[in-house]
1. Of the listed peptides 164-171, 267-274, what is their order by residue-averaged count of other C-beta atoms within 10 Å, with the highest listed first?
2. Using mean Cβ contacts within 10 Å as the protection proxy, how do 7-13, 355-361 order, highest first?
3. Mind telling me which of K377, K73, K184 comes out most flexible in a GNM of the chain, alpha-carbon contacts under 10 Å?
4. Quick one: among G251, G39, G91, which has the greatest mean-square fluctuation in a GNM of the chain with alpha-carbon springs under 10 angstrom?
5. Could you list the square roots of 5 times each eigenvalue of the Cα gyration tensor of region 300-400, that is, the equivalent ellipsoid semi-axes, sorted largest first and rounded to whole Å?
6. So if we plug the beta-carbon distance of S403 and Y380 into 1/(1 + (r/R0)^6) with R0 = 45 Å, what FRET efficiency do we get, rounded to 0.05?
7. Run the simple label-point estimate for I147 and N286 please: 7 Å along Cα→C-beta, distance reported in nm.
8. Can you tell which of G86, G343, G366 shows the greatest fluctuation in a Gaussian network model of the chain with Cα springs below 10 Å?
Amino acid sequence: MHKTLNRWAVLVSSMGILMCTGAIYAFSIFAGPLSAETGWTMENVIVAFAINAAVGPIPMILGGFLTDKGWSKWSIMAGGILFGSGFALAGTATSLWQLYFYYGILGGIGQGFAYSGCLNNTMRLFPDKRGLASGLITAGMGGAAIIAAPIANNLIQSMGVSQAFIYMGIAYVAISFICSLFIKAAPKDYVPASMASVKTGSVPPAIENKNWKEMLQSVNFYLILFMLAMGAFSGLMIASNASPIGQSMFGLTAAVAAGYVSLYSLSNTLGRVIWGAVSDKIGRSNTINVMYSVIVITFFILIFVRSTVGFTIGIIGLGLCFGGVMGVFPSLVMENFGSKFQGVNYGIVFIGYSVSAYFAPKIAAGMAASANGDFTKAFYVAIAVALGGLALNIFYMFRKRKSMALSQA
């Protein structure tokens, strides 16, 4: 059975599905036109994005459990179809509550199932290239808006935002269904030909596999949870507001701003691979320190360099770091709690991301609304959050060094 399983086909198919569900990162393209068409405030519209990301941990945990049981194919298929359906139905919403339910809840549940199944199943198929596999999978998610942003902008300009939602949602359902046909569940004892002596799920002897109950008893779990939340805060703030920021603070047209959304998505995609490779060289914690520092510096550039050059640097820097957070933290969780229960464990840790996903867009939109479209105050909040994450990571590093010293004594 192992000889006939094409793991690269599974990886590419998984990337295809996540390039559909990753369309949430292009939401800022829809937000302005949707607000103008319906009369809903930008602050209220952005809540749909926040809800979408906030519900993620629930299906991610369940999806991780189903993947452990060998049901990844069906979990992924259901997730992709549910996401696309919610996206399409968002175009029929005539009230905020309908928008929140279709795009936020249905889309969020679908995205969580697809992301969890694709990531955890594919990593099991690549015990010899786990970093590469996870980087490519998460890059597929992050890179979705590169394609979605210009398509969405053109559809919105030609037929309106509601029709853009509907047509793109239908396309996502079709693509997800076709790609899911090529998904194969990773056998529990899967060993690729390139490493016949290595068993799937093996970890260094020093790493003890801990289930979610044991993980919750660890101080490091709470540190990692908050660090993920603080690391993702700035990226989610920009992901949901990139187009409005470009237009209101830097004088860009809607079409040009859409191009910057694609640039942000490209940076997000590259960051997952680049920072993942860097973390293999200098360690996860050192990499996280660098990313937090870059986030702080980049926000100061956005505040004080009010030009397209400043905006370009800001979009690239924050995109790279947001991608890095999403690419590095799965490995950090595995290094602390082992690989056996990674699906469920990372789903629980992902709660930190979802908390930021709910608050970051709302805080940014709310502060901008009270300042005539100026996001400067929100940027200062993001700087404070990043500095808090940096402090937590330094404390985490201190604990790890102390623990290693005691174990060697």
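Values quoted throughout were computed directly from the atomic coordinates according to the rules given, and no laboratory measurement underlies them. Remember, it's a predicted structure, so these values are computed and weren't measured experimentally. Using ideal geometry, Cβ is built from the backbone for each residue, glycine included, and neighbour counts are taken over all protein chains shown.
1. Ranking, from highest mean packing down: 267-274, 164-171.
2. 355-361, 7-13
3. Highest fluctuation of the listed residues: K377.
4. In the Gaussian network model the winner is G39.
5. Details: eigenvalues 186, 48, 35 Å².
The three semi-axes for region 300-400 are 31, 16, 13 Å.
6. Efficiency at R0 = 45 Å is approximately 0.80.
7. 3.7 nm
8. Largest GNM mean-square fluctuation: G366.
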